[in-house]
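What follows is a set of notes on a single structure, which appears directly below.
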Amino acid sequence: MPKLQANGIELFYNIQGTGEPLLLIPGFACDYAHWDLLMPSLVTEYQVIRLDNRGIGQSSAPDSPYSIKQMAKDAAILLEHIGVSKVHVAGHSMGGQIAQELALAHPEKVHSLMLLATFAIGDRRFCSIIETLGDLPRILDPEAYFYVVLPWAVSEDFYLIPGAVEEALKLKLEYPFPPTPHGLYHQSRAIISSNTLNRLQEITCPTLVLVSQQDILTPIKFSEQLAQGISNAELVVLKRGGHDLLIDAPEAVATAMLNFLAKTR
């Protein structure tokens, strides 16, 4: 799997499929593989570019402060490295924050924007949760941390699927590139330090804002704020799934993304 030296780190990326370029940016504590359940639907029509953000997976995790703008610059360097001048961009949660900053810094590069379960600025409750999730890896073992995070990530329906929780835990514990406590800490602080609220009107590309009505971490009001601030935005609220739509409702997410992308052609 390829890597490049970018913005002071080693950045891991993956490219699959053919067609118009589509960049997928994962969220907090998630690597490129977090999009796997959507890939069969997306690679049939698009050249799908995925990366591990700094602090996670096979990319470097320096023990120094990160910022969302810095991670957007990482993504921009990747696009330049692989020779992509115009791209559709989708970001989930923290990845949606990065996608916003990428569109703001490089409007000429972003053909369209898909913001999944994300926000312009978190409220005090949200920031308190993310701060805690950034602190806990220094205290808890990976299994205990998994059980703390999961209720914030998935819906009640996920818990009703026989073996789903156990399989998710197994995948987490067997993952060959586990996150470092300091990488998660620095990602969490980047999340709560970011604010695009007063710059949303500068995003002019076609934008899909996608959220689940069952999302308790980034509730619908956050997505409504994004859709109201971005002039060319469409808000779609899914009935299924929790915050982690990529795991909880992958078919519905893939359908919403492909329907939106078809309208940008």
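The values are calculated or read from the model by the stated rules, or taken from the named source; none is laboratory data. Just so it is clear, the model here is predicted, and its values are computed rather than measured. Cβ atoms come from the backbone with ideal geometry, glycine included; neighbour counts cover every protein chain shown. All accessible areas refer to the heavy atoms of the entire protein, side chains included, with ligands and DNA or RNA removed. Shrake-Rupley method; radii C 1.70, N 1.55, O 1.52, S 1.80 Å.
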_Give me the residue from the range 193-250 that is in a helix (DSSP H, G or I) and among the hydroxyl-bearing types (S, T, Y) and, out of that set, farthest from the chain's Cα centre (by Cα)._
S193
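Residues I15, I25, I49: which one is touching a strand residue (DSSP E or B) at 6+ places or on another chain (Cβ under 7 Å), aliphatic (A, V, I, L, M) and open to solvent by 50 Å² or more (accessible area, probe 1.4 Å)? I'd like the intermediate steps shown before the answer.
On the way: I25 fails: open to solvent by 50 Å² or more (accessible area, probe 1.4 Å); I49 fails: open to solvent by 50 Å² or more (accessible area, probe 1.4 Å).
From the options I15, I25, I49, the qualifying one is I15.
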*Meets criteria (farther than 17 Å from K73 by Cα, in contact with a strand residue (DSSP E or B) (Cβ under 6 Å, 6 or more places away or on another chain) and buried (at least 18 other Cβ atoms within 10 Å of the Cβ)) for L38*: no
*Could you grab me the full set of residues in the range 98-113 that are open to solvent by 10 Å² or more (accessible area, probe 1.4 Å) and within 24 Å of P250 (Cα to Cα)?*
H111
*In the range 143-180, how many residues are more than 16 Å from H34 (Cα to Cα), of a type outside the set (A, V, I, L, M, F, W, C) and assigned to a helix (DSSP H, G or I)?*
8
*So E174 fits all but one of (1) of a type outside the set (S, T, Y); (2) open to solvent by 90 Å² or more (accessible area, probe 1.4 Å); (3) closer than 27 Å to V211 by Cα; what number is the exception?*
(3)
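Pick out the one residue from G91, G95, G122 that is open to solvent by less than 50 Å² (accessible area, probe 1.4 Å), in contact with a Cys (Cβ under 9 Å, 6 or more places away or on another chain) and small (G, A, S).
Values: G91 fails: in contact with a Cys (Cβ under 9 Å, 6 or more places away or on another chain); G122 fails: in contact with a Cys (Cβ under 9 Å, 6 or more places away or on another chain).
Matching residue, one of G91, G95, G122: G95.
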